[in-house]
Amino acid sequence: MVSDVQERWSALFDVIEINAEFRRITTMPLQSRFLSQVDLHSANLLRVFVKRSGQQGKTLRDIVAMMTDMTEGNTLSAIERTVVGIYVARQTPGSNSSDVGVILEGVVVLHDLENVALATAMLFGFFYILNMRYPSKLHYTLEVIQKIIMELDAADLSRKAQSLKTKVHQ
């Protein structure tokens, strides 16, 4: 689906256009709103996440360990298998470039972004603009971005999102 949209509406796959389309749909600025809300909530979110342990903590540590062993060959393979994601390519001794980008349905749809926060905002913007259903593994993450961070449809929270919101506001 994303590659079809990219072929038909290539202009949409630009930060300025994503921001403009999101504003048209919601009457709310995407990038400035997301970044300011992340700044507002980040200290409390970090406080809640630091307390995490058990299976969730182990999963996070496993993901970080997997990311440190990426080579160019298995990076391309990983991108093709990624349904939704953000990638960060850091400078290495053999390469003087770094990159942050967004992956949807195995296709890099945005690259050369300034930072991960902007990539996250653009990823959320794509879901909203393209009216895509949240993947089950990221459902709660994207719900928190939508309803707690961006305050869109904030009255209708799942139990998990409501629990996080309560912990953040303590």
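The values are calculated or read from the model by the stated rules, or taken from the named source; none is laboratory data. Since we're looking at a predicted model, the values are computed, not measured. All Cβ positions, glycine included, derive from the backbone under ideal geometry; neighbour counts span all protein chains shown. Side chains included, ligands, DNA and RNA excluded: accessible areas come from the protein's heavy atoms. Shrake-Rupley method; radii C 1.70, N 1.55, O 1.52, S 1.80 Å.
Note on segment 1-51: residues that are under 18 Å from H169 (Cα atoms), among the β-branched types (V, I, T) and either open to solvent by less than 70 Å² (accessible area, probe 1.4 Å) or touching a residue at least 40 places away in the same chain (Cβ under 8 Å) (or both) amount to 2. Quick one: is G101 at pLDDT 80 or above and at positive phi? Taking the combined requirement at face value, the residue does not satisfy it. Of all the numbered requirements in (1) open to solvent by less than 40 Å² (accessible area, probe 1.4 Å); (2) within 12 Å of the chain's Cα centre (by Cα), H139 misses one, and that requirement is (1).
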